[in-house]
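Here is the structure we will look at.
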Amino acid sequence: MNAPWKPGGLAQRTPFLAFASDEAAADAIRPIASEMGWPSDNVHQGGLRNAVQTLSVSTSPHVLFVDLSGSSDPLSDINGLAEVCEPGTVVIAAGQVNDVRLYRDLLASGIQDYLLKPFSADMLRDSFAQAQSILNAPKVSEGASTRPHLAIAVIGTRGGAGASTIATSLAWLLSDKEKRTTALLDLDVHFGTGALALDLEPGRGLTDAIENPSRIDGLFIERAMVKASENLSVLSAEAPISQPVMTDGAAFYQLQEEMRGAFECTVVDLPRMMLVQHPHLVADVNSAVIVTELTLAAARDTIRLLSWMRSNAPQMQVTVVANRVHPGTALEITRKDFEGSIERKIDVVVPFDQKLAAQAAKLGKPFAEAGKASKTVQPLIDLAALLALTDEDGNPAAPKAKGGSLLGKFSDLKGLVAKKEPVKKSASKSAGK
């Protein structure tokens with residue numbers, strides 16, 4: 001929940017409060033609360049209305065149980081509760097409405113669990129134990145390394161260039177090969193494939209964030225992100241195409257800010273039209289990966305994107321990736337002519353591999369994971385390693401690509417980084433003497 005902090009702070013918060021709608025429910029909760037070590041006197045009657053009145057003038061508990069029985073619009077009432085409930089509170093709701101859609105909507109709104117009445121002692125015990133484990137579990141940011149956050153935007157010059165394929169592969173490589181906690185944010189709200197490429201259900205987190213930007217906080221990120229692996233989480237959507245997205249982009253920017261505090265890396269699959277409509281989304285991005293095909297239209301749009309980035313985001317390290325390049329066949333425009341048109345080198349060339357692409361789709365795995373041992377994936381592995389190289393301020397350590405490709409300088413860069421340690425050690429020994 002995301003109401004402003006009240007005076008008193010976290011240290012003075014009570015561990016548990018319950019607001020039941022009837023005496024039978026209160027009697028069922030009290031013994032289980034006592035088992036958990038919580039005061040049974042903290043179980044009150046009055047349901048949701050009493051909960052809102054109480055929390056509007058007092059500090060929120062760590063665990064809050066609220067009975068929605070009698071509510072004509074449970075989802076709206078829960079949103080009202082969120083206005084007075086502080087961040088970090090684990091909310092458990094109960095009610096008599098047995099509806100799957102309501103259950104999903106309530107979970108998406110930020111509550112931890114929804115119990116159907118009449119509830120049993122085991123049901124309450126399991127729900128309370130899960131709430132306690134969430135409070136005791138280390139947060140994503142706890143124990144994180146001191147490495148600065150790395151934000152990468154992946155932008156396709158044309159539809160079908162494969163930007164989403166590159167984005168999911170880079171996110172997986174950063175999480176698996178580079179061992180960094182990584183968030184994949186797919187901002188194609190209606191047709192995004194970030195979750196699909198990982199064989200996951202996208203959930204409602206992204207659409208809920210757009211509809212209610214004020215609800216976005218660390219706890220929202222923790223619950224809305226879909227976990228793909230130990231180090232990789234995804235926020236994607238499949239919004240109905242009959243519902244246009246009406247937003248000023250504040251929700252997207254706030255999501256990036258929260259992810260910056262919760263993860264070591266953020267990979268944003270950024271549709272080019274989103275870049276045009278909401279240019280502030282790249283204000284804090286370290287690196288941009290432009291994914292293109294070797295076509296005349298793609299060359300034109302690469303020129304336009306490069307020009308836009310020089311003017312609007314000069315802080316970004318820009319990498320040009322030529323994707324789906326058919327080896328040994330006639331191209332619409334040659335690599336040499338393409339590079340002449342955009343007035344810079346192509347940094348990475350990913351060969352076209354229909355067999356590997358089909359296998360990745362069938363397995364529900366990122367392109368890079370499905371082809372770990374394939375030569376087709378090696379350029380992406382090198383690119384992920386290159387992007388992960390940053391200085392102390394989080395800026396890309398890779399040199400600007402002037403007169404040569406970034407990967408062409410990658411081996412020299414790694415050697416340069418490796419040589420720094422011996423120098424530091426020898427200096428420390430001299431100082432010791």
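The values are calculated or read from the model by the stated rules, or taken from the named source; none is laboratory data. Keep in mind it's a predicted model, so treat the numbers as computed, not measured. Glycine also receives a Cβ, built like all others from the backbone with ideal geometry; neighbour counts cover every protein chain displayed.
Between a first residue in the stretch 117-133 that is surrounded by 14 or more Cβ atoms within 10 Å (Cβ to Cβ) and a second residue that is of a type outside the set (Val, Ile, Thr) and in a helix (DSSP H, G or I), which pairs have beta carbons less than 8 Å apart while being 6 or more apart in sequence or on different chains? That search, which allows pairs on different chains as well, returns LYS117/ALA25; PHE119/ALA25; PHE119/ALA28; LEU124/ALA28; ARG125/GLU35; PHE128/ALA33. Looking across the stretch 29-54, the residues that are out of contact with any strand residue (DSSP E or B) (no Cβ under 8 Å at 6 or more places or on another chain) and among the hydrophobic types (A, V, I, L, M, F, W, C) come down to ILE32, VAL52.
Within the stretch 169-198, being in contact with a helix residue (DSSP H, G or I) (Cβ under 8 Å, 6 or more places away or on another chain) and charged (D, E, K, R) holds for ASP176, LYS177, GLU178, ARG180, ASP186, ASP188. Scanning the stretch 304-333 for residues that are surrounded by fewer than 19 Cβ atoms within 10 Å (Cβ to Cβ), assigned to a helix (DSSP H, G or I) and not polar (S, T, N, Q) yields ARG304, LEU306, TRP308, ARG310. Please state which one of ARG344, ARG304, ARG310 is more than 26 Å from SER229 (Cα to Cα), touching a residue at least 40 places away in the same chain (Cβ under 8 Å), among the charged types (D, E, K, R) and out of contact with any His (no Cβ under 7 Å at 6 or more places or on another chain). ARG344 is the lone residue from the list that is more than 26 Å from SER229 (Cα to Cα), touching a residue at least 40 places away in the same chain (Cβ under 8 Å), among the charged types (D, E, K, R) and out of contact with any His (no Cβ under 7 Å at 6 or more places or on another chain).
All conditions in (1) assigned to a helix (DSSP H, G or I); (2) touching a residue at least 40 places away in the same chain (Cβ under 8 Å); (3) hydrophobic (A, V, I, L, M, F, W, C); (4) surrounded by fewer than 22 Cβ atoms within 10 Å (Cβ to Cβ) hold for LEU294, with the sole exception of (1). List, please: which pairs have Cβ atoms under 8 Å, are six or more places apart or on different chains, and start with a residue in the stretch 249-270 that is more than 26 Å from GLY162 (Cα to Cα) and end with one that is modelled with pLDDT of 90 or more and of a type in the set (Gly, Ala, Ser)? Once the first residue is more than 26 Å from GLY162 (Cα to Cα) and sits in the stretch 249-270, its partners that are modelled with pLDDT of 90 or more and of a type in the set (Gly, Ala, Ser) give ALA262/ALA183. Of the residues GLN112, GLN96, the single one that is at pLDDT 85 or above, touching a Lys or Arg at 6+ places or on another chain (Cβ under 9 Å) and farther than 30 Å from VAL267 by Cβ is GLN96. Taken over the stretch 173-223, the criterion of being small (Gly, Ala, Ser) and within 26 Å of ALA358 (Cβ to Cβ) is satisfied by SER175, GLY192, GLY194, ALA195, ALA197.
At pLDDT below 90, closer than 26 Å to LEU389 by Cβ and in contact with a helix residue (DSSP H, G or I) (Cβ under 9 Å, 6 or more places away or on another chain): is that true of GLY261 in this structure? In short, yes.
Hey, does the stretch 74-91 have a residue that's in contact with a Ser or Thr (Cβ under 6 Å, 6 or more places away or on another chain), among the small types (Gly, Ala, Ser) and surrounded by 15 or more Cβ atoms within 10 Å (Cβ to Cβ)? No: zero hits. Inside the stretch 209-236, residues that are over 13 Å from THR182 (Cα atoms), part of a loop (DSSP other than H, G, I, E, B) and modelled with pLDDT under 90 make up a count of 3. Quick check, is MET274 touching a residue at least 60 places away in the same chain (Cβ under 8 Å), surrounded by fewer than 22 Cβ atoms within 10 Å (Cβ to Cβ), farther than 19 Å from GLY203 by Cα and more than 13 Å from the chain's Cα centre (by Cα)? Yes: the conditions hold for MET274. Scanning the stretch 67-102 for residues that are touching a Pro at 6+ places or on another chain (Cβ under 8 Å) and touching a residue at least 60 places away in the same chain (Cβ under 8 Å) turns up GLU86, THR89.
In this structure, does ILE241 turn out to be out of contact with any Leu (no Cβ under 8 Å at 6 or more places or on another chain), in the same structural domain as ALA384 (by TED's automatic domain parsing) and of a type in the set (Val, Ile, Thr)? Yes, satisfied. Of note, THR157 does not satisfy the criterion of being touching a Cys at 6+ places or on another chain (Cβ under 8 Å) and hydroxyl-bearing (Ser, Thr, Tyr). Within the stretch 116-126, none of the residues are within 27 Å of LEU206 (Cβ to Cβ), at pLDDT 85 or above, over 23 Å from the mean Cα position of the chain (by Cα) and not assigned by TED's automatic domain parsing to the domain that holds GLU201.
In the stretch 54-74, of all residues being in contact with a Phe, Trp or Tyr (Cβ under 8 Å, 6 or more places away or on another chain) and assigned to a loop (DSSP other than H, G, I, E, B), the one that is farthest from GLU23 (Cα to Cα) corresponds to HIS62.
Restricted to the stretch 205-215, and to residues there that are in contact (Cβ under 8 Å) with a residue 12 or more places away in the chain and more than 9 Å from SER109 (Cα to Cα), the residue that is surrounded by the most Cβ atoms within 10 Å (Cβ to Cβ) is LEU206.
For the stretch 20-34, does any single residue satisfy the condition of being touching a residue at least 12 places away in the same chain (Cβ under 8 Å), outside the structural domain of ASN212 (by TED's automatic domain parsing) and of a type in the set (Lys, Arg)?
Within the stretch 20-34, the subset touching a residue at least 12 places away in the same chain (Cβ under 8 Å) is 20-26, 28-33.
Next, from what is left, pick out any that are outside the structural domain of ASN212 (by TED's automatic domain parsing): 20-26, 28-33.
Now drop any that are not of a type in the set (Lys, Arg), which leaves 30.
Within the stretch 20-34, one or more residues are touching a residue at least 12 places away in the same chain (Cβ under 8 Å), outside the structural domain of ASN212 (by TED's automatic domain parsing) and of a type in the set (Lys, Arg).
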